[in-house]
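Remarks on the structure that follows.
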Amino acid sequence: MTMDPRLQAWLDGDIDFEALPETLRGEAEAWSELLEDVRTHAVAGAPLGATARVMEAVQADAAGGAGARLAAWTTWLVRPRAVRISPLAAAAAIALVAWSVTQFALSPIGTGSLDDRVYVQFLISAPEARTVALAGDFNEWDPTIQLDDPDGDGLWSARVALEPGVHEYMFVIDGSEWRPDPNALSYTNDGFGQQNSVLAVTPVDET
Amino acid sequence: MNRFNWRAIILGAALLVGGSTPVLAQNQDRPALDAGQLQDRLDQETIARLMQIARRAQQSGVPPQLIRQKVMEGVSKGVRGGRLVRAIEDYARRLGQARNLLGAGARPEVLDAAAQAAEHNVPSSRIRSFVAANRDPRRAVVGLRTIGELRDAGVPTDPAVRAVQAAIDRGVSGERLLSLSAAVRRRVRQGESPGEALRAIAGDSRPGVRQAPSRDRPRDRSGSDRPRTTPRDRG
């Protein structure tokens, strides 16, 4: 179908309505109403990203096969997009992250992750002992860690996972005698008239 | 910034304050001592006095877990009555002084080490500057303990601080640092002055002075046939 060039010139704004012959004015008015209708009702453009999605679909369809699907996935993964989220949900997400950070930063002594722990071999020679236990700041001084002397040679040992840092400890012989480690690197006054043994545990990646 | 973003920020801030306040308060508001835990091991009067000391310490900003730890240590070791109360009172007082010296941001283990260093007559100004220079709490703790032990062995403050800081800067391990005071004491027993002993072991750490070799310089303890407590490997 072809349009009369004079009607086309009027639609393009090159000539006035009065310049149209009477025979074309009815058709011109119909065009005018149609355009007004479009202007009034077509308030929104195409959805955001519609052009890109249409083009991706067309390209993927044209390429076909697994490669096309991979390309479509890759494009989907890397393409920036507008995410709609309610202010309440955004604020809750921010608060959750901040709460996690404060939890981590304020964790008290003795709550490091298990991955940081270092196994320490505690050894003491106590041939006269029937039982030997270990107590320290790592177990609230509760002598529940038992040392073993499997071959009965008087050399007691236990392997304990400790967090890196400085620890104070003592051995408890036969449930009642608190004894410092005779081979400790250092000792400190415990405030109760005895000496605690002191041990420094260095993280494995710093040794 | 539009109204939408401002609203989100205000809401986020409100939730953050609301959510983190209980966490922040967790350490301060939790009772320092659990009376029930002590009930069958101590008499009521001792418990009441310990609770009072712990509460007062907590109000002055001392981390409650330090007091709890020391009380549990004393109880486990069979210390009772007035002797236990006096020891805890003294410990809480020293922790309070360390807290005042280092401020609210100091970690519990650093406060404990600072209190110990002060007990060994390390001046407050040196404790504060040492902690300020060693932001890694592990280094601060092992450093303060070593300085305290060196002071206890008779080494003057300045050389002790200088030697420890130099060792930390060289990356010397905590184990080796802790063994420094024992090595000094050994040489002192052989007739050297504490200052000479430290110089011989750690070297002179003044700028421009080369470190002297020494057979007593803290080193790994391999080669000893005595049973020793030793860090082994990762857990």
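Observations, loosely collected:
- Packing here is the average count of other Cβ atoms within 10 Å per residue, and on that basis the peptides A:140-148, A:79-87, highest first, run A:140-148, A:79-87.
- What the Cβ-Cβ distance of residue B:196 and residue B:10 gives, at R0 = 51 Å and to the nearest 0.05, is a FRET efficiency of 0.20.
- If a spin label sat at a point 7 angstrom from the Cα of residue A:128 along the line to its beta carbon, the backbone N atoms of segment A:156-189 nearer than 19 Å would be those of A:156-157, A:171-183.
- Spacing of the two label points (7 Å from each Cα toward its C-beta) at residue B:186 and residue A:52, in nm: 7.0
- Size of the A/B contact, given as accessible area buried on both chains, probe 1.4 Å, in Å²: 4800
- Model label zone, residue A:121; criterion: amide N under 18 Å from point 7 Å along Cα-to-beta-carbon; scope segment A:150-175: A:150-162
- Packing-based ranking, highest mean first, of A:15-27, B:145-157 given that Cβ atoms within 10 Å are counted: B:145-157, A:15-27
- Once the C-beta distance of residue A:40 and residue A:205 is scaled by a Förster radius of 56 Å, the resulting FRET efficiency is 0.20 to the nearest 0.05.
- Residues in segment B:62-86 reached by a label modelled at residue B:34 [backbone nitrogen below 14 Å; 7 Å Cα→Cβ]: B:65, B:68-69, B:72
- Neighbouring partner chain Cβ atoms per residue of A:140-147, average, 10 Å criterion: 3
- Peptide A:150-157, shielding by other chains (average Cβ, 10 Å cutoff): 1
- One chain, two ends: residue A:33 and residue A:15. Fully extended at 0.36 nm per residue, the span grows by 4.7 nm beyond their Cα-Cα distance.
- In terms of its C-alpha gyration tensor, segment A:146-207 has an oblate overall shape, because the principal axis ratio a/c (a ≥ b ≥ c, square roots of the eigenvalues) is not below 1.5 and a/b does not outweigh b/c.
- Packing order of peptides A:2-10, B:80-88, highest average first: B:80-88, A:2-10 (average count of other Cβ atoms within 10 Å over each peptide's residues).
- Counting only other chain Cβ atoms within 10 Å of each residue's Cβ, the peptide A:168-181 averages 1.
The values are calculated or read from the model by the stated rules, or taken from the named source; none is laboratory data. Quick caveat: nothing in here was measured; it's all calculated off a predicted structure. Here the Cβ is made from the backbone with ideal geometry for all residues, glycine too, and neighbour counts use every protein chain on show. When the accessible area is computed, the model is the full protein with side chains, heavy atoms only, and any ligands, DNA or RNA have been set aside. Shrake-Rupley method; radii C 1.70, N 1.55, O 1.52, S 1.80 Å.
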